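J.: Below: one structure in structure tokens.
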Amino acid sequence: GGIITQTPKFLIGQEGQKLTLKCQQNFNHDTMYWYRQDSGKGLRLIYYSITENDLQKGDLSEGYDASREKKSSFSLTVTSAQKNEMAVFLCASRTGVGEQYFGPGTRLTVL
Amino acid sequence: SQWGEENLQALSIQEGEDVTMNCSYKTYTTVVQWYRQKSGKGPALIILIRSNEREKRSGRLRATLDTSSQSSSLSITGTLATDTAVYFCATPNNNRIFFGDGTQLVVKP
């Protein structure tokens, strides 16, 4: 079986700081996703990528950049951390029939 | 509102009770997925139902799909405390998967 790894598990940053979250998958899936989940709420799509070097904006892409330099990895950058960005960031990859596999998440706190 | 902006619906029940969670979806789909997210973890697929199936069962789980009303339901029979989680329905569309607002289910022992 495969696995999705997200690093770091916890990320503490300062307001205005640029912060990078990393995601690795060994499923060999083409499509990968970044979601943000605020406390007590659902999932909001930030970016997704259907293949290496492809980037597609989701519903919440403003304030974020993404990078897909390899098929197995997908990075997300918070370009300038804001106080209201305390959330969990979830990475996922997708099978050919549409099932998503999620990583355990990165919990971001901005001081 | 946009996807994922609404608060989770909250349900609290006693262990052993049955529960049904409902989902309405907005985009055309031929499959509805149900995911479960336990505390501190990412969501995981628990059951999937296709448009040619009106009902799908997996252990204590039962999913239904009504494409005419664009709605799906997930039932859990004989709930356990370990069923405590957030439950999402999801509909794949092109390369995206649209998640419903989610239900926070608490099963008290």
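The values are calculated or read from the model by the stated rules, or taken from the named source; none is laboratory data. Bear in mind the structure is a predicted one, so any value in this text is a computation, not a measurement. Heads up, the Cβs are rebuilt from the backbone with ideal geometry, glycines too, and the neighbour counts pull from every protein chain shown.
J.: With the stretch B:55-109 as the region, which strands (runs of 3 or more DSSP E) entirely inside it contain at least 1 residues that are away from chain A (no Cβ under 14 Å)?
T.: Output list reads B:55-58, B:61-66, B:71-76, B:103-108.
J.: Filter the stretch A:89-110 down to residues that are within 24 Å of A:G1 (Cβ to Cβ) and crowded, with 19+ Cβ neighbours inside 10 Å, then give me how many there are.
T.: Adding up the residues that qualify gives 14.
Quick grid of which residues meet (1) closer than 16 Å to A:Q100 by Cβ; (2) in contact with a Gly (Cβ under 7 Å, 6 or more places away or on another chain); (3) touching a residue at least 12 places away in the same chain (Cβ under 8 Å):
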residue	(1), (2), (3)
B:Y28	no, no, yes
B:Q37	yes, no, yes
B:G42	yes, yes, no
B:S51	no, no, yes
B:T67	no, no, yes
B:T77	no, no, yes
B:D101	no, yes, yes
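J.: Pick from A:S49, A:S73, A:S61: which is at the interface with chain B (Cβ under 10 Å from one of its Cβ atoms) and over 17 Å from B:A90 (Cα atoms)?
T.: The unique qualifying residue is A:S49.
J.: Now for a different question. Considering only the stretch A:84-96, how many residues are touching a strand residue (DSSP E or B) at 6+ places or on another chain (Cβ under 6 Å) and assigned to a loop (DSSP other than H, G, I, E, B)?
T.: Going through the stretch A:84-96 one residue at a time, the tally reaches 2.
J.: Kindly provide the set of residues from the stretch A:8-45 that are within 14 Å of chain B (Cβ to nearest Cβ), among the hydroxyl-bearing types (S, T, Y) and over 16 Å from B:P43 (Cα atoms), ordered by number.
T.: Once the filter is applied, which keeps residues that are within 14 Å of chain B (Cβ to nearest Cβ), among the hydroxyl-bearing types (S, T, Y) and over 16 Å from B:P43 (Cα atoms), the stretch A:8-45 yields only A:T31.
J.: Another question, then. Regarding the stretch A:93-109, can at least one residue be identified that is touching a Leu at 6+ places or on another chain (Cβ under 8 Å) and more than 11 Å from every other protein chain (Cβ to nearest Cβ)?
T.: Yes, some residue in the stretch A:93-109 is touching a Leu at 6+ places or on another chain (Cβ under 8 Å) and more than 11 Å from every other protein chain (Cβ to nearest Cβ).
J.: Within the stretch B:12-27, how many residues turn out to be more than 14 Å from chain A (Cβ to nearest Cβ) and either under 15 Å from B:T79 (Cα atoms) or over 11 Å from the mean Cα position of the chain (by Cα) (or both)?
T.: Count: 9.
J.: Kindly indicate the residue of the stretch A:21-57 that is β-branched (V, I, T) and surrounded by 14 or more Cβ atoms within 10 Å (Cβ to Cβ) and also nearest to the chain's Cα centre (by Cα) among those meeting that condition.
T.: Step by step, filter the stretch A:21-57, then rank; the result is A:I46.
J.: Ok, one more. Among the residues of the stretch B:43-93, write down those that are modelled with pLDDT under 95, farther than 19 Å from B:Q9 by Cβ and among the small types (G, A, S).
T.: B:S51, B:S68
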